[in-house]
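I have placed the structure first, in the form of structure tokens, so that the comments after it can refer back to it.
The values are calculated or read from the model by the stated rules, or taken from the named source; none is laboratory data. Computed from a predicted structure; not experimentally measured. With ideal geometry, Cβ positions are generated from the backbone for all residues, glycine too; neighbour counts draw on all protein chains shown. Note: accessible area is taken over every heavy atom of the protein model, side chains too, but ligands, DNA and RNA are not part of it. Shrake-Rupley method; radii C 1.70, N 1.55, O 1.52, S 1.80 Å.
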Amino acid sequence: MAVIILNWNGKKFLEQFLPAVCEYSQGLADIYVADNASTDDSISFLEISFPQVRIIRNPKNGGFAYGYNASLGQIKAEYYILLNSDVEVTKGWIEPVISLMDSDKIIGAVQPKIKSFTNPGCFEYAGAAGGFIDTYGYPFCRGRIFDTIEKDEKQYDGEKEIFWATGACLFIRAELYHQLGGFDEDLFSHQEEIDLCWRMKLLGHKVMFCSASEVMHYGGGMLPKSNPFKTYLNFRNNLIILCKNHPSRTLVWKILVRMVLDGIAALRFLLMGNSKDTLAILKGHFHFYGSLPKTLRKRKALKNQDLKPVSCIYKRSIVKKYFIQNKIYFYELNQSDFS
């Protein structure tokens, strides 16, 4: 198997977190750093300090999706472990996940428990204890809904089927990754793992959470959580993946509802004094409308395959539950409302 860390000007994270990756992966996996044309001294640092790490030099910074697609095409392994450069792994982080995947060939991808590096008693925003989406395509996690993050009190421990696994630490079958065509490079960065997992589930594969493996995520290593460009990517990409993958029967209705809900989100940002985020949401919508012909072609190609019913979708509105009914924790949601 292979651990692949995507890097762009992240020397400080490699210095801090790569030693543990090397120590706790020894004898289990080859370690690669896929560099997206960094302009810092990441490469020279790796060559001097970590000669055992294999370096893949990508010719440009094409984002998360491009970086992994370009790199994984050069790596032969049964399993890929995609790992952010700002993740601290722990002893025994690989074995339980691989054991789970070996036990069921239908499992296509798995994520470990993602906790906060800066606040270790809590889950981390990007992944927590496994990802889900609501009926309108909004993503959330066990342990994190919008900006409310739970303490880890082992309330979500065990193995659990989920909708999406975080790209911060993603275990995936290499053959399946290539069968799916990898990440959608038009997404550039953010939510490309949700799109990949959705396509995976449409082909009948499972996505799982495994709490026996635990890592600590610093978070915001490439883009801070509060950033207009990140807001733009999240809203734009979420609309694209909804349009690509959602069943036809209610798709138009869902997009119309999203226009209203995203408009409310834009207004909320404006009232909070975050006009740049408001503009980012509007820009994301206009980009989505402009890219509709291309998105619909991708949708048509996917629909030509033998698709299966998809599980782990929350059949209600997470926006309504959170902002109107004050259900801010995952365990407050009615579990019978999940497909």
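At a glance:
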{"read-out": "Qualifying positions in the stretch 116-137 - in contact with a Leu (Cβ under 8 Å, 6 or more places away or on another chain) and open to solvent by 10 Å² or more (accessible area, probe 1.4 Å)", "value": "Tyr136"}
{"read-out": "Any hit, the stretch 306-329, residues being farther than 26 Å from Met200 by Cα, outside any helix (DSSP H, G or I), of a type in the set (S, T, N, Q) and open to solvent by 30 Å² or more (accessible area, probe 1.4 Å)", "value": "yes"}
{"read-out": "Criterion violated by Phe229 - all others in (1) more than 30 Å from Ala20 (Cα to Cα); (2) assigned to a loop (DSSP other than H, G, I, E, B); (3) in contact (Cβ under 8 Å) with a residue 12 or more places away in the chain satisfied", "value": "(2)"}
{"read-out": "Tally of residues being surrounded by 12 or more Cβ atoms within 10 Å (Cβ to Cβ) and under 14 Å from Ser317 (Cα atoms) across the stretch 249-258", "value": "4"}
{"read-out": "Residue count, the stretch 39-63 (criterion: part of a loop (DSSP other than H, G, I, E, B) and small (Gly, Ala, Ser))", "value": "1"}
{"read-out": "Exclusive hit being touching a Phe, Trp or Tyr at 6+ places or on another chain (Cβ under 9 Å) and either open to solvent by less than 30 Å² (accessible area, probe 1.4 Å) or not in a strand (DSSP E or B) (or both), set Lys154, Lys76, Lys105, Lys113", "value": "Lys113"}
{"read-out": "Flag for Phe288 being in a helix (DSSP H, G or I) and within 21 Å of the chain's Cα centre (by Cα)", "value": "yes"}
{"read-out": "Qualifying residue in the stretch 234-248 (condition: without any contact (Cβ under 8 Å) to a residue 60 or more places away in the chain, open to solvent by less than 50 Å² (accessible area, probe 1.4 Å) and either in a loop (DSSP other than H, G, I, E, B) or touching a Gly at 6+ places or on another chain (Cβ under 6 Å) (or both))", "value": "yes"}
{"read-out": "Qualifying positions in the stretch 169-185 - in a loop (DSSP other than H, G, I, E, B) and surrounded by fewer than 24 Cβ atoms within 10 Å (Cβ to Cβ)", "value": "Leu180, Gly181, Gly182, Asp184"}
